[in-house]
Amino acid sequence: MSAIVYVSLLLSVGLFQESSGSCVRDGVDYGGADTWNLMAYSFDECSKVCKAARFCKAITYRPSDRRCWLKYRKGGDHGPSLGAGLMSANMDCNQKSDQSCAKHNVDYGGADLGHRTANTFDQCEQFCRDTERCVSITYQASSKSCWLKHRKSGHRGPTNRHSLTSLNMECPRSGPQSSKCAHQNIDFWGADLTHLVTDKNNVGKCEGFCREEPRCASFTYMSATGNCWLKYQQYGARGPSHANGLISMNMNCSK
């Protein structure tokens with residue numbers, strides 16, 4: 001039995017529910033993770049076949065020759081990329097958008113799922129939310145470069161990098177706690193994850209970077225310069241010591 005006849009039979013016995021147009025990504029390819037490819041008369045028909053298939057989570061469809069690819073992973077194996085003449089969709093799509101914790105002139109280095117072109121920062125965010133393993137992004141507007149990441153804040157944590165914007169898909173729910181937990185004129189020396197320069201006289205900015213980095217247990221901040229050191233250990237490597245102009249804090253401030 002040909003694939004196109006099989007599809008027609010499935011349609012005739014009513015095994016499908018209507019597809020949702022809100023999940024359609026026009027001009028986008030979900031590369032890899034193919035379970036099967038077949039001919040389908042329309043994008044909706046391709047989508048309905050996927051919904052009836054046991055392990056199908058996404059599709060890519062090419063209207064020019066009615067080719068339909070069924071995928072076992074959301075966003076395909078490599079995540080979305082621009083693809084002229086293609087249409088893609090996850091069967092369970094993420095329409096959320098939250099850029100409240102976007103970090104400008106910051107790079108989330110490493111932990112890349114891959115690089116691709118995205119026309120806007122919004123599209124790069126959407127590519128990540130459409131990809132099964134993606135939890136953060138870094139984007140460069142001048143080159144339209146979009147890096148998808150499988151680890152929050154990348155592999156190396158946040159660092160300063162002009163012209164880059166980075167975002168974790170899950171922004172912190174709680175606000176800064178520095179007003180009640182910070183130790184004035186105290187240094188937590190050593191155990192550094194990364195160093196970056198943030199806003200001057202705003203310890204909450206440094207705290208925010210630590211709160212979004214899963215490995216960050218504490219930080220030290222210099223108000224006069226905005227220098228921010230993220231630490232993987234409570235109190236740093238040597239414990240607290242006196243240092244004028246520094247502010248230090250454990251993320252679990254009960255300790």
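The values are calculated or read from the model by the stated rules, or taken from the named source; none is laboratory data. As the structure is a prediction and not an experimental result, all values here were calculated from the model. Counting neighbours? That spans all protein chains shown, and the Cβs are built from the backbone with ideal geometry, glycine included. Side chains included, ligands, DNA and RNA excluded: accessible areas come from the protein's heavy atoms. Shrake-Rupley method; radii C 1.70, N 1.55, O 1.52, S 1.80 Å.
In summary, the stretch 52-144 shows an alpha-carbon radius of gyration equal to 1.16 times the 2.2 N^0.38 Å reference for compact globular proteins. A 1.4 Å probe run over the stretch 208-255, with the rest of the protein chains in place, finds 44 Å² accessible per residue. So what is the relative contact order of the chain, in percent, for Cα pairs below 8 Å that sit 6 or more residues apart? Here the relative contact order equals 14 percent. Between H183, G204, S153, the Cα set farthest toward the positive side of the dipole of the chain (charges on each charged residue's Cβ, about the Cα centre) is that of H183. Projecting label points 7 angstrom from Cα along Cα→Cβ for C171 and D92 puts them 2.5 nm apart. Alpha-carbon geometry of the stretch 173-255: the Rg and the Dmax are 10.9, 32 Å, given in that order. Comparing R54, R66, R238 in a Gaussian network model of the chain where C-alpha atoms under 10 Å apart are linked, the largest mean-square fluctuation is found at R54. Sorted largest first, the principal axis extents computed over the alpha-carbon atoms of the chain equal 79, 37, 24 Å.
Here the Kirkwood formula, the inverse mean of 1/r across different C-alpha pairs, assigns the stretch 20-61 a hydrodynamic radius of 11.0 Å.
From largest to smallest, the equivalent ellipsoid semi-axes obtained for the stretch 207-255 from the alpha-carbon gyration tensor read 16, 14, 8 Å.
Round to a whole number: what % of the accessible area of the chain belongs to carbon and sulfur, probe 1.4 Å? The C+S portion of the solvent-accessible surface of the chain is 48 percent. Fully extending the segment from H155 to R54, taken as 0.36 nm per residue of separation minus the present Cα-Cα distance, adds 32.9 nm. Computed from phi, the 3J(HN,Hα) profile of the stretch 135-140 under the Karplus parametrisation 6.51, -1.76, 1.60 (θ = phi - 60°) reads 10, 7, 9, 10, 9, 10 Hz, with x in place of Gly and Pro.
Structural size metrics of the stretch 77-196, computed from C-alpha coordinates, are Rg and Dmax of 16.4, 60 Å. Each peptide in 97-110, 152-165 gets a packing score, the mean of other Cβ atoms within 10 Å over its residues, and the list from highest to lowest is 152-165, 97-110.
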